[in-house]
Structures are given as C-alpha cells and as structure tokens.
1. What is the extension gain from GLU124 to ASN300, computed as 0.36 nm multiplied by their sequence separation minus the C-alpha to C-alpha distance, in nm to one decimal?
2. Which whole-Hz couplings ³J(HN,Hα) result when phi for each residue of region 132-145 is put into the Karplus expression 6.51 cos²θ - 1.76 cosθ + 1.60, θ = phi - 60°, listed in order with x for Gly and Pro?
3. Checking the cross-link filter: which lysines have an alpha carbon closer than 25 Å to that of LYS84, excluding same-chain neighbours under 8 positions apart?
4. Using the number of other C-beta atoms within 10 angstrom as an exposure proxy, rank GLU217, GLU43, GLU237, GLU257 with the fewest first.
5. Starting with the highest mean, order 62-75, 272-285 by the number of other Cβ atoms within 10 Å, averaged over the residues of each peptide.
6. Spelling out what I want: for every residue of region 114-129, take phi, set θ = phi - 60°, compute 6.51 cos²θ - 1.76 cosθ + 1.60 (Karplus), and round to whole Hz; glycine and proline get x.
7. Translational D (Stokes-Einstein, µm²/s) of region 204-312 at 20 °C and 1.002 mPa s when Rh comes from the Kirkwood sum over C-alpha pairs?
8. Find the all-direction average of the projected area of the Cα convex hull for region 20-94, expressing the result in square nanometres with one decimal place.
Amino acid sequence: MTIVAAADGSALGNPGPAGWAWYVDDDRWAAGGWPHGTNNQGELMAVIDLLDSTAHIDEDLRILCDSQYVINAVTKWMPGWKRKGWRKADGAPVLNRELLERLDRATQGRRYSFEWVKGHAGHELNEAADVRARAVATAYQKGEPIPIGPGWPGAARADERTGEVLEAVGGQAATNAPSVTSPPSATSVELDLFGEDVVPDESDAEVVTRLERELLEPGVRADASRVAAILHPDFEEIGRTGRLWGRDAIVQALAAEEPQSIDLQVLGTEALTPETILLTTRTTDARGSALRSSLWVRANGRWRLRFHQGTPEAD
C-alpha cells in the first residue's frame, strides 16, 4: 500500500506570516507555521512533518508537491551541498540549511517518491493542502488560533521552529494561539497570488522595480506558483543565448535551476503609456553581467511582466 499525500506552504508577503500543511484526507492532515517565514520554508516543513508523522508506518510514501525547489533539493542538489559543507556552487551558504538538514535526516531509511503537481490548478489534494497552509498564515497574520489539524493517528508533532507541542493528547484536532501576535507593519507587502501587489504610496515605477528584483530572488525563482503569478499569461523572453522562451517553459526552467545570487542595477524606467513601463537593468551573476530590458504591463490593476530580453556584456 502507498500513502499519497500533498504538501504545501504559504507565506503572506514572502517573507511574512507563514503556514505549511500536508493532507491525505479529512481525517489525516496537519498544519502549522510561524509568525514570520517564507514560502520555501513552509514547503520544506510540510514535507518534514509528513515524513516525521508517518515514520512509524511501514508503507511507501508518495509526496505531491507544487514546489520544484523542495523536489530538486532532495533529488538533485542535496548530495552536492553536503559534500561542499552546505554551500552552493558559487560558495555562498545554502539557504534554509537547518530545515534541509532535518529533511535529509527524515528521508533516511524511508521508501518515498516525489511527484510534481501544478499549483492552483484544481488538483484535489494539492488544493486541500494549500487551503490549510494559507489558513495558518492568515491566522498568524490576524492573531487568531492556529488550525493545526488532527495529524496522523498515533504520531506526536511539534513545531520545529518553536519546539511547541502541537498535537493534543489522543491525536485530536487542536488549535493554539500564535507565539507572537504582533501584526505585520502597515507597510508590509502581501504578495497574494490572487490579490494586488501593492505597497502604500509606491509609484508604478517602484512597483515594477520591486517585482523585477523579486524575480531574481532564489526563493521566488524556485516557487513556480509565485513566478507564474508575476508573469503575464502571454509572457515571452529572449534569453542570453537568443532562445525564445514562453511563460510555462521559463517557469519550469527557473524552478529547476540551482539557487544563485544575482545582483541587479536599475539603469532606467520609462512609462511608454499609463499602463506600460519599460525597465532597463544590468544583472551580474556567476556567468557575468548582462543588459536587460523588461516590458511591464498593467492588467486588471496588477503589473505583469510581458516581455524580457537579456544581452550578455562583453568582458
């Protein structure tokens, strides 16, 4: 018999109030989170808790994830990171090392497999995990009790960030007040996939510049759902090598790459129309520097990247 479970994370603001959840059915699911965390931390913790909660069961485990970051971390990158002392190819420390080490330990001796599923696409188990992870993040944001779920019968659980025991005696569902109840500041950014990416008093040029920077953050690039939410449905890119990329292709390529540090220098912003901004930048990473042009358009009140082109600079 194989246990099939979905694992997901959510962070309002990324970073911000964060939640994680795994879901098998209405009788077997768990959730938790923190007052401040990232989406990737939630994704990692959901899988860790799922593995820990089923450690006493001698069954195969199939884990459904919409996070290429988690899947690739386990199946591709982790051996190399461990050999290098938990450092990436460029020598920078690996992000989320503590959680990754816990995930590494949790997989030892287990029979498991990962399956990537597209997020927010109607997959029943994925949607159930997403709803529960987001509910925890929202509860932390509002200072409300945390809906942690029944867990797995016979398995004890604890929040790995606080050490707080989350499961009630006997495995019943429980809710706990947040350990930190101070609300986010008034200027915090809630980057909701289905809402507006707005900061009070921020100009249009500042919005697109912030979103451009966000697309270069390793944690965001590994989050296919977040990248897809920033890109226009008809997005196209001419890459450094001259290849033409579509939206789905670039989302998958970014999610599969090893995280790296990318520096961004804004060269200029030009409002071509009230709903269109051309942003020119220079980026620098391990491959060298490149000049980039990004065409941002506003649709339904939200700025989306419609076209991008990168040209390597000569040494």
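Rule-based calculations on the coordinates, nothing more; no lab input. Keep in mind it's a predicted model, so treat the numbers as computed, not measured. Please note: Cβ atoms are built from the backbone with ideal geometry, for glycine as well, and neighbour counts cover all protein chains shown.
1. Numbers: separation 176, 0.36 × 176 = 63.36 nm, distance 2.79 nm.
Full extension of this stretch gives 60.6 nm more.
2. Taking θ as phi minus 60°, the curve returns 6, 5, 5, 4, 5, 4, 5, 5, 5, 4, 8, x, 9, x Hz for region 132-145.
3. The qualifying lysines are LYS76.
4. Numbers: GLU217 17, GLU43 30, GLU237 21, GLU257 14.
Fewest-to-most ranking of GLU217, GLU43, GLU237, GLU257: GLU257, GLU217, GLU237, GLU43.
5. Numbers: 62-75: 21.7, 272-285: 14.7.
Output ranking for 62-75, 272-285: 62-75, 272-285.
6. Karplus-based 3J(HN,Hα) across region 114-129 equals 10, 9, 7, 10, 6, x, 6, 10, x, 5, 4, 5, 4, 5, 5, 5 Hz.
7. On the way: Rh = 13.9 Å.
Approximately 154 µm²/s, per Stokes-Einstein.
8. On the way: hull surface 26.0 nm².
Mean projected area of the Cα convex hull: 6.5 nm².
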